[in-house]
(Lines give C-alpha, C1' and ligand atoms only; values in the text may rest on other atoms or scores of the structure.)
Protein backbone atom coordinates (compact mmCIF):
# COMPACT_ATOMS: atom_id res chain seq x y z
CA UNK A 1 0.00 0.00 0.00
CA UNK A 2 1.39 3.40 -0.96
CA UNK A 3 1.78 6.18 1.59
CA UNK A 4 -0.82 8.43 -0.07
CA UNK A 5 -3.45 5.71 0.16
CA UNK A 6 -3.40 5.44 3.95
CA UNK A 7 -2.33 8.95 4.93
CA UNK A 8 -4.87 10.69 7.15
CA UNK A 9 -6.53 13.87 6.04
CA UNK A 10 -6.65 16.82 8.43
CA UNK A 11 -9.50 17.01 10.88
CA UNK A 12 -12.53 19.12 9.96
CA UNK A 13 -13.09 22.51 11.56
CA UNK A 14 -16.38 21.28 12.98
CA UNK A 15 -14.71 18.39 14.82
CA UNK A 16 -11.98 20.67 16.14
CA UNK A 17 -14.49 23.19 17.47
CA UNK A 18 -16.74 20.54 19.05
CA UNK A 19 -13.81 18.81 20.76
CA UNK A 20 -12.37 22.06 22.15
CA UNK A 21 -15.78 23.30 23.34
CA UNK A 22 -16.51 19.94 24.95
CA UNK A 23 -13.16 20.05 26.75
CA UNK A 24 -13.64 23.64 27.94
CA UNK A 25 -17.33 23.42 28.89
CA UNK A 26 -18.05 19.81 29.90
CA UNK A 27 -14.97 17.72 30.69
CA UNK A 28 -11.64 19.06 31.79
CA UNK A 29 -9.88 15.80 31.05
CA UNK A 30 -7.83 15.51 27.85
CA UNK A 31 -7.84 11.72 27.88
CA UNK A 32 -11.64 11.36 28.14
CA UNK A 33 -12.41 14.01 25.50
CA UNK A 34 -9.78 12.62 23.12
CA UNK A 35 -11.25 9.14 23.49
CA UNK A 36 -14.79 10.45 22.96
CA UNK A 37 -13.87 12.19 19.70
CA UNK A 38 -11.37 9.51 18.52
CA UNK A 39 -8.43 11.88 18.36
CA UNK A 40 -5.02 11.91 19.98
CA UNK A 41 -4.47 13.52 23.35
CA UNK A 42 -1.63 15.65 21.99
CA UNK A 43 -3.85 16.76 19.10
CA UNK A 44 -6.57 17.92 21.47
CA UNK A 45 -3.99 19.63 23.65
CA UNK A 46 -2.64 21.52 20.63
CA UNK A 47 -6.14 22.61 19.59
CA UNK A 48 -7.00 23.86 23.09
CA UNK A 49 -3.68 25.68 23.37
CA UNK A 50 -4.20 27.30 19.94
CA UNK A 51 -7.78 28.25 20.85
CA UNK A 52 -6.69 29.88 24.10
CA UNK A 53 -3.92 31.87 22.43
CA UNK A 54 -5.67 32.95 19.23
CA UNK A 55 -9.36 32.09 19.60
CA UNK A 56 -9.07 29.88 16.56
CA UNK A 57 -8.66 26.11 16.14
CA UNK A 58 -7.59 26.13 12.49
CA UNK A 59 -4.12 25.04 11.49
CA UNK A 60 -1.71 27.95 11.29
CA UNK A 61 -0.06 26.90 8.06
CA UNK A 62 -0.83 24.64 5.18
CA UNK A 63 0.98 21.32 5.18
CA UNK A 64 4.05 20.87 3.06
CA UNK A 65 6.87 23.01 1.90
CA UNK A 66 6.23 26.35 0.21
CA UNK A 67 7.20 26.77 -3.42
CA UNK A 68 10.57 28.26 -4.21
CA UNK A 69 9.23 29.98 -7.31
CA UNK A 70 5.73 31.41 -7.12
CA UNK A 71 3.70 34.39 -8.27
CA UNK A 72 5.68 36.99 -10.19
CA UNK A 73 8.78 34.78 -10.21
CA UNK A 74 6.85 32.14 -12.15
CA UNK A 75 5.87 34.76 -14.71
CA UNK A 76 9.51 35.79 -15.10
CA UNK A 77 10.59 32.15 -15.46
CA UNK A 78 7.85 31.59 -18.03
CA UNK A 79 9.24 34.40 -20.19
CA UNK A 80 12.79 33.19 -19.66
CA UNK A 81 11.89 29.66 -20.80
CA UNK A 82 10.13 31.01 -23.90
CA UNK A 83 13.17 33.12 -24.80
CA UNK A 84 15.63 30.28 -24.12
CA UNK A 85 13.71 27.31 -25.46
CA UNK A 86 16.83 25.34 -26.45
CA UNK A 87 18.59 25.60 -23.07
CA UNK A 88 19.05 22.59 -20.84
CA UNK A 89 17.52 22.68 -17.36
CA UNK A 90 20.94 23.22 -15.81
CA UNK A 91 21.47 26.22 -18.09
CA UNK A 92 18.05 27.64 -17.19
CA UNK A 93 18.90 27.20 -13.52
CA UNK A 94 22.16 29.11 -14.01
CA UNK A 95 20.44 31.87 -16.01
CA UNK A 96 17.85 32.17 -13.24
CA UNK A 97 20.60 32.53 -10.63
CA UNK A 98 22.27 35.25 -12.70
CA UNK A 99 18.99 37.08 -13.24
CA UNK A 100 17.44 36.86 -9.77
CA UNK A 101 20.36 36.02 -7.51
CA UNK A 102 18.37 33.03 -6.24
CA UNK A 103 19.90 29.56 -6.63
CA UNK A 104 17.38 26.87 -7.58
CA UNK A 105 17.97 23.33 -8.77
CA UNK A 106 17.24 22.09 -12.26
CA UNK A 107 14.54 19.91 -10.70
CA UNK A 108 12.82 23.02 -9.30
CA UNK A 109 12.96 24.55 -12.78
CA UNK A 110 11.49 21.37 -14.23
CA UNK A 111 8.62 21.26 -11.70
CA UNK A 112 7.83 24.92 -12.32
CA UNK A 113 7.83 24.42 -16.09
CA UNK A 114 5.43 21.51 -15.64
CA UNK A 115 3.22 23.57 -13.31
CA UNK A 116 3.10 26.35 -15.94
CA UNK A 117 1.96 23.72 -18.44
CA UNK A 118 4.81 24.36 -20.78
CA UNK A 119 6.12 21.49 -22.78
CA UNK A 120 9.85 21.27 -22.49
CA UNK A 121 11.94 19.73 -25.20
CA UNK A 122 15.29 21.06 -26.20
CA UNK A 123 16.66 20.85 -29.72
CA UNK A 124 20.20 19.52 -30.00
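The values are calculated or read from the model by the stated rules, or taken from the named source; none is laboratory data. This one's a predicted model, so the numbers in the text were calculated from it and none came from an experiment. With ideal geometry, Cβ positions are generated from the backbone for all residues, glycine too; neighbour counts draw on all protein chains shown.
Scan segment 100-112 residue by residue and report those that are over 19 Å from the mean Cα position of the chain (by Cα) and under 16 Å from residue 71 (Cα atoms).
Hits for segment 100-112 are 100, 102.
Hey, among the residues in segment 82-93 that are surrounded by 15 or more Cβ atoms within 10 Å (Cβ to Cβ) and modelled with pLDDT of 90 or more, which one's nearest to residue 21 (Cα to Cα)? Break it down into steps so the answer makes sense when it comes.
The first filter runs over segment 82-93 and keeps only residues surrounded by 15 or more Cβ atoms within 10 Å (Cβ to Cβ), leaving 87, 89, 92-93.
Now restrict to residues that are modelled with pLDDT of 90 or more: 89, 92-93.
Values: 89: 53, 92: 53, 93: 51 Å.
Looking at residues that are surrounded by 15 or more Cβ atoms within 10 Å (Cβ to Cβ) and modelled with pLDDT of 90 or more, I get 93.
Condition first: at pLDDT 90 or above and surrounded by fewer than 10 Cβ atoms within 10 Å (Cβ to Cβ). Now tell me which residues in segment 37-78 satisfy that.
38, 53
How many residues, within segment 8-25, are surrounded by 13 or more Cβ atoms within 10 Å (Cβ to Cβ) and touching a residue at least 40 places away in the same chain (Cβ under 8 Å)?
Going through segment 8-25 one residue at a time, the tally reaches 2.
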